[in-house]
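Peer 1: Encoded as structure tokens, here's the structure I'll be asking about.
The values are calculated or read from the model by the stated rules, or taken from the named source; none is laboratory data. In this text the structure is predicted, and so the values were computed from the model without any measurement. Note that each Cβ is placed from the backbone with ideal geometry, even for glycine, and that neighbours are counted across all protein chains shown.
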Amino acid sequence: MIFPKIASILKDILPGVDIFNWLSHLDPCAGGAENLLAVGGTGKPPEFSEQEIRAILKQDPDVIAELIIRLFAIIAEQHAENEVLKNQNEELKKQNKELNDRLNTNSKNSNKPPSSDVFNKPKSNRKKSGKPKGGQKGHQGYTLNQVENPDRIIRHRIKECKDCGHSLESLDADEIEKHQVFDLPPVKIVVTEHQLEHKLCPHCGCENEAACPEGAEQPTQYGPELKSLAVYLRQYQLLPYHRIREFFADLFGHPISTGTLVNTNRDCYNILEPVEEEIKSQITNSAVVHFDETGIRVEVNNTWLHVASTSLLTYYFAHPNRGQKATEEIDILPHFEGTAVHDNWSTYFKYICDHALCNAHHLRELTACEERDEQHWATDMKALLLEIKDAVESGDYLPPEKIQQFENRYSKLIEQGLELNTPIETKQKPGKRGRKKQTKTKNLLDRLDERDQYVLTFMHDCNVPFDNNQAERDLRMTKVQQKISGTFRSWNGAKYFARIRGYVSTARKNGYSLLEALKTVFEGDPIIPNQKPP
């Protein structure tokens with residue numbers, strides 16, 4: 001829009017001259033006919049010679065000076081507008097890139113769960129095994145086979161010949177063909193009545209009462225089998241209370257009140273307190289422990305469920321905080337002396353123990369670097385980490401020279417990445433605390449560089465796994481619970497879930513039947529996790 005402005009200035013300074021046609025003659029493409037007409041231009045520009053133009057401009061030095069001053073002002077104004085537009089354009093480019101990155105984020109290049117991959121399912125990072133699809137040769141089958149001693153036998157006899165009608169009832173069968181049907185018997189709740197005798201001694205007058213068996217103290221109450229099923233459905237199958245009531249009504253013809261279900265879970269929670277302490281103690285004394293946390297909602301508020309676990313033990317703890325306040329109250333890390341496997345959450349590094357970072361997180365972030373920034377060092381780093389993983393899993397020992405080769409390759413790839421991702425010079429806003437903002441790729445590089453010993457812990461210690469999948473698997477069903485119920489209505493509900501789920505998970509890891517494990521709770525003899533599995 002600078003051209004019409006110049007035309008307006010010249011019209012004011014040089015009255016009587018057809019400025020619009022004259023400027024069109026100087027640069028017919030400078031603004032187009034529509035710009036000239038917008039400020040009063042007329043018709044086709046006449047032909048002007050250079051001498052005529054110079055004669056017009058020489059008529060008055062003051063006129064020329066004013067023209068130059070006002071032209072400089074317009075140029076400065078236009079320059080400022082261009083800078084604003086340039087900055088806006090850069091900001092829009094940045095926003096567009098961020099939106100594209102967010103749109104392309106999935107479970108394979110970030111920490112998003114696979115359930116969030118709605119549109120295009122990403123390609124799996126898992127390597128092909130080379131085996132054919134389906135069941136593998138020699139695998140254990142689960143065919144429904146006949147049993148030797150069925151519970152019920154029904155003989156289908158032949159009374160007469162189908163051809164001539166002769167009676168065959170007195171003849172023995174030449175052959176018996178067996179067909180077995182596996183089904184459930186009619187399911188009903190069995191009520192056992194305990195009758196306690198009262199007798200008055202005729203000799204001394206003493207009133208005698210029969211001892212009440214354990215578990216039948218009240219006039220009416222539910223037994224351990226039913227209670228264990230109610231807790232199993234709530235804490236393991238994650239059914240809401242109203243659906244558990246429907247389940248009992250449909251299957252047994254016996255609806256159970258919501259209050260009874262809540263009380264049953266509360267009783268299970270209280271009985272399991274010493275068992276939970278034993279699980280916690282064993283985890284604290286373990287050599288390698290996986291730590292993680294995930295967001296949950298309690299009383300419509302965002303909060304956190306923490307997990308500390310091994311291949312045989314699981315401990316959950318619900319807390320309003322994610323950081324050190326929670327870990328201090330959990331009281332495992334303050335006494336832990338083994339190797340903590342985690343996802344680089346800064347709180348974990350406040351404790352004096354060995355650390356190992358989850359490389360599954362690193363593989364996803366490196367995949368994002370490939371897709372977002374097309375950086376080849378990230379591709380090579382992924383290949384290196386997986387190569388080290390294969391080398392560790394192929395044997396119990398890596399020779400020192402092989403470890404040194406891996407470390408040298410690792411360092412060179414970090415150097416390549418740092419050369420491509422130099423820090424962005426940005427001014428920190430006054431009063432703003434913390435580190436300067438960097439790209440995600442630069443943040444990943446800094447972590448891989450500064451905490452390389454924790455990234456490669458699995459290479460130096462074969463007892464330390466490559467990733468933190470154990471903790472992530474232990475937390476996975478928590479997200480299912482949140483999808484079903486949305487929130488815990490009270491802190492008691494969250495606490496019940498954490499303790500009972502920890503016991504159930506530990507029982508499952510040790511090979512116990514979950515219903516049997518829960519039945520032992522209500523029988524007063526819950527499973528102690530250091531016992532050998534059956």
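Peer 1: Can you pull out the residues in region 448-504 that are crowded, with 20+ Cβ neighbours inside 10 Å, of a type in the set (D, E, K, R) and more than 16 Å from the chain's Cα centre (by Cα)?
Peer 2: 499, 501
Peer 1: Could you list, in sequence order, all residues of region 444-456 that are assigned to a helix (DSSP H, G or I) and either more than 16 Å from residue 291 (Cβ to Cβ) or not assigned by TED's automatic domain parsing to the domain that holds residue 407 (or both)?
Peer 2: Of everything in region 444-456, those that are assigned to a helix (DSSP H, G or I) and either more than 16 Å from residue 291 (Cβ to Cβ) or not assigned by TED's automatic domain parsing to the domain that holds residue 407 (or both) turn out to be 444, 445, 446, 447, 448, 449, 450, 452, 453, 455.
Peer 1: Being part of a helix (DSSP H, G or I) and surrounded by 15 or more Cβ atoms within 10 Å (Cβ to Cβ) is the requirement here; does residue 416 meet it?
Peer 2: Taking the combined requirement at face value, the residue satisfies it.
Peer 1: For the condition surrounded by 15 or more Cβ atoms within 10 Å (Cβ to Cβ), of a type outside the set (Lys, Arg), at pLDDT 90 or above and farther than 26 Å from residue 308 by Cβ, what is the one hit in 445, 398, 385?
Peer 2: None of the other options fit; the residue is 445.
Peer 1: Out of the residues in region 328-346 that are without any contact (Cβ under 8 Å) to a residue 60 or more places away in the chain and within 11 Å of residue 292 (Cα to Cα), which is nearest to the chain's Cα centre (by Cα)?
Peer 2: Here the residue is 345.
Peer 1: Suppose we keep only residues that are among the hydroxyl-bearing types (Ser, Thr, Tyr) and buried (at least 21 other Cβ atoms within 10 Å of the Cβ) within region 311-338. Which one would you say is farthest from residue 469 (Cα to Cα)?
Peer 2: Per the stated criteria, the residue is 327.
Peer 1: While we're on this one: Name the one entry in 214, 169, 197, 177 that is in contact (Cβ under 8 Å) with a residue 60 or more places away in the chain and loosely packed, with under 10 Cβ neighbours inside 10 Å.
Peer 2: 214
Peer 1: So, one more: If you check residue 47 against the conditions, is it of a type in the set (Asp, Glu), at pLDDT below 70 and in a loop (DSSP other than H, G, I, E, B)?
Peer 2: Considered against the rule, which asks whether it is of a type in the set (Asp, Glu), at pLDDT below 70 and in a loop (DSSP other than H, G, I, E, B), residue 47 comes out as yes.
Peer 1: Can you tell me how many residues within region 348-365 are closer than 26 Å to residue 105 by Cα and not small (Gly, Ala, Ser)?
Peer 2: Summing the residues that are closer than 26 Å to residue 105 by Cα and not small (Gly, Ala, Ser) in region 348-365 gives 8.
Peer 1: Is it the case that some residue within region 188-197 is touching a Leu at 6+ places or on another chain (Cβ under 9 Å) and closer than 25 Å to residue 525 by Cα?
Peer 2: yes
Peer 1: Can you tell me which of 298, 262, 275 is surrounded by 14 or more Cβ atoms within 10 Å (Cβ to Cβ), free of Cβ contacts under 8 Å to residues at least 40 places away in the same chain and over 30 Å from residue 458 (Cα atoms)?
Peer 2: Criteria check complete, one pass: 262.
Peer 1: Which of the residues spanning region 213-259 are farther than 26 Å from residue 184 by Cβ, in contact with a His (Cβ under 9 Å, 6 or more places away or on another chain) and modelled with pLDDT of 90 or more?
Peer 2: 258
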